Amino acid sequence: MRIDVVSIFPEYLAPLELSLIGKARQDGLLELNVHDLRDFTTDRHRTVDDTPYGGGAGMVMKPEPWAQALAAVAAARPEAASAETEASEAAARPVLIVPSPAGERFTQATAHELAEEDRLVFACGRYEGIDERVMEWAAGHFTVRPMSLGDYVLNGGEVAVLAMVEAIGRLLPGVVGNPESLVEESHSDGLLEYPVYTKPSSWRDREVPAVLLSGNHGKIAQWRRHQQYRRTAERRPDLLTEFDAAKLPRADRTAFSDLGYDVVDGHLRRRPDAGAEQS
Ligand code: SAM
C-alpha cells in the first residue's frame, strides 16, 4: 500500500517512523510519503489560508495549493509499481481521506475496508477547514471520503491521520507479527475485548481469575466471551443493538439475560425492567 499525507506540519507525522508502522515502512510493506502543503504555494509568504467568504471567525485553507498538491500526489506512482500495477491503479482511483469532525465516523470496519486499498491520500485540514470546492474538484481524481475520528474537534487533521494510518496499517499483511492477535480484539466482532492478565498470578492481593489458570481451554473461551458481553453492556451498550445474536448458544443467551438483555428476532433487546442490573 502507498499512503501520501499532505499537511502544513509534516513533522507532526514523525511518529509514523516508529514502532510497527515504522518497521512496516522499513520492510517495504507500506510506502508512506509526507508532503508539505506550503511547497505547493506560489507566493513569497507560502500562504495557505485566507478569510472566509460570508464572514465569521477563523481562516479557511485556500483551494489552489490543495489542488496543486493533490494533483502532484495523484500523478505519483508507488516506488514498487510494475507496468501491471500501474495499469490496475489507473483504473482504481486513490481514496482521498479528508479528516473532518463533519465526516463519516472512522471505525474498525472502515479500517478493514481501507486496508484493502492500494493507495490512500490524507489531506490534513487546519484552521476552519479546506475550501469546499477542493472536495468537488478532487472527486474527479479520487474517491473522496471526509472522515471523523470522533465527535469532538481537534486543531488539525494530523492527529486523526496518525490514528487512522496506525489502525489501517496494522491490518496490512505482515505488519503485526502474529495475525491471531488481530482476531480477538475490541471491535473485531462488534464487541469490546475481555480483560487480560499476565504474571504474577497474585499481585498486591489481587488474583488472576482462577479459570485462566485452569488450563481448560473451553472454559477459558466461554469466560472470555461472557466478559466481553459484560464489558460491552457496561461500557458500550450501543454496540449491542448492532450485535448479531441469532446464533448465540444457550449459555451465552443466559449470560446476556443475566445482563438484562433478551434475544428477539436475532437481536439483543434490553428488558425494560433491567435498569438497575446494569452498573
Ligand atoms: N470548522 C470545522 C468544523 O466545525 O467542522 C472544524 C475545523 S478543525 C478546528 C481543523 C481541522 O482539524 C479540520 O479541518 C480537520 O482536518 C481536523 N479535525 C478536527 N476535528 C476532527 C475530527 N473529529 N476528526 C477528524 N479530523 C478532525
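For the reader, a short list of remarks on this structure follows.
- Scanning the stretch 105-116 for residues that are under 16 Å from Glu242 (Cβ atoms) and within 13 Å of the ligand (Cβ to nearest atom) yields a count of 3.
- Matching residues, the stretch 214-228, being under 34 Å from the mean Cα position of the chain (by Cα) and open to solvent by 60 Å² or more (accessible area, probe 1.4 Å): His217, Lys219, Gln222, Arg224, Arg225
- Yes/no for Leu120 being away from the ligand (no atom under 11 Å from the Cβ) and in a loop (DSSP other than H, G, I, E, B): no
So that you can scan it fast, the table gives a plain yes or no per residue for (1) touching a residue at least 40 places away in the same chain (Cβ under 8 Å); (2) touching a helix residue (DSSP H, G or I) at 6+ places or on another chain (Cβ under 7 Å):
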| position | (1), (2) |
| --- | --- |
| Gly157 | yes, no |
| Leu162 | yes, yes |
| Gly169 | yes, yes |
| Asn178 | no, no |
| His187 | yes, yes |
| Lys199 | no, no |
| Arg206 | no, no |
| Val211 | no, yes |
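- Residue that is most open to solvent (accessible area, probe 1.4 Å) [pool: residues in the stretch 154-206 that are assigned to a helix (DSSP H, G or I) and away from the ligand (no atom under 16 Å from the Cβ)]: Glu180
- Qualifying residue in the stretch 72-84 (condition: under 17 Å from Glu158 (Cα atoms) and modelled with pLDDT of 95 or more): no
- Residue list for the stretch 3-22, filter: open to solvent by less than 40 Å² (accessible area, probe 1.4 Å) and under 22 Å from Val134 (Cα atoms): Ile3, Asp4, Val5, Val6, Ser7, Ile8, Pro10
- Scanning the stretch 23-59 for residues that are of a type in the set (A, V, I, L, M) and either more than 30 Å from the chain's Cα centre (by Cα) or buried (at least 19 other Cβ atoms within 10 Å of the Cβ) (or both) yields Ala24, Leu30, Leu32, Val34, Leu37, Val48, Ala57.
- Tally of residues being more than 18 Å from Glu113 (Cβ to Cβ) and either surrounded by 12 or more Cβ atoms within 10 Å (Cβ to Cβ) or near the ligand (Cβ under 8 Å from one of its atoms) (or both) across the stretch 129-149: 9
- Scanning the stretch 239-258 for residues that are open to solvent by 80 Å² or more (accessible area, probe 1.4 Å) and not in a loop (DSSP other than H, G, I, E, B) returns Asp244, Arg250, Arg253, Asp258.
The values are calculated or read from the model by the stated rules, or taken from the named source; none is laboratory data. Fair warning: this is a prediction, and the values are worked out from it, not measured in the lab. In this analysis, Cβ positions are derived from the backbone assuming ideal geometry, glycine residues included, and neighbour counts consider all displayed protein chains. Keep in mind that these areas ignore ligands, DNA and RNA; they rest on the heavy atoms of the full protein, side chains included. Shrake-Rupley method; radii C 1.70, N 1.55, O 1.52, S 1.80 Å.
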